[in-house]
Structures are given as structure tokens and as C-alpha cells.
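Values in this text are rule-based calculations from the coordinates and carry no lab data. The model shown is predicted, which means the values in this text are computed figures rather than measured ones. Cβ sites come from the backbone with ideal geometry, for glycine too, and all protein chains shown count toward neighbours.
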Amino acid sequence: MAIWYLNYMNELDRIREKNKEFIQEGMGMKSFEKQYHTYQRDNRKAEVWKDSNDNWGCRYWEDKVWAADEVYKGHSESYAENAAENYVEGIKNVR
């Protein structure tokens, strides 16, 4: 194997270990159970969901591309609705 490849793999392992806690939290799409509301304005869309643990959350889209998911543990449906509305109005940003 080439030396540069081994150095590259060692660097990746170092980055993974350093960011282990962050990676385990998960930055990808969440598993939601049921969608309740959709808010949309211009190129932004926000969907209000509930997960299997009865937590409310939002899935955010911009230009028809997924931007982020957020779960609001311990908060109400209206909290998630406010977050969704703030996103499509341009008050809240994600990413």
C-alpha cells in the first residue's frame, strides 16, 4: 500500500476518534413516525413530525433539498410549529 494512503487512513481514524461523541449523536435524517403539518414559503419548506418516543420535531427543506432535522425533546406541538414557521419566514436558519 502507498504511504500516502496509510497516512490518509490514520488521519481519518484520528478525526473519527476526536469527533466520536459528535458522530454518535447523528447528523443525518431522523426517524419520524407521523407527519402532522407542513409550512412552505418561497424555496423553504418545514414539516412538523412526531417520533416514536412522542417527541416533536421538524424536517427542513431548502430548494427541495433536505437541510436538517431537529427533535425538540420535552417541547410541545406548538413549539415545533413555531420553529417551522420561523424557518419558512427566514427568522430561523439551519445547517
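Given the structure, is W66 closer than 12 Å to M29 by Cα and in contact (Cβ under 8 Å) with a residue 12 or more places away in the chain? Walk me through how you get there before you give the answer.
Working: closer than 12 Å to M29 by Cα: yes; in contact (Cβ under 8 Å) with a residue 12 or more places away in the chain: yes.
The answer is yes for W66.
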- Query: Considering the range 69-92 alone, what residues qualify as being without any contact (Cβ under 8 Å) to a residue 40 or more places away in the chain and either closer than 14 Å to Q40 by Cα or touching a helix residue (DSSP H, G or I) at 6+ places or on another chain (Cβ under 6 Å) (or both)?
  - Reply: Y72, N82, A83, N86, I91, K92
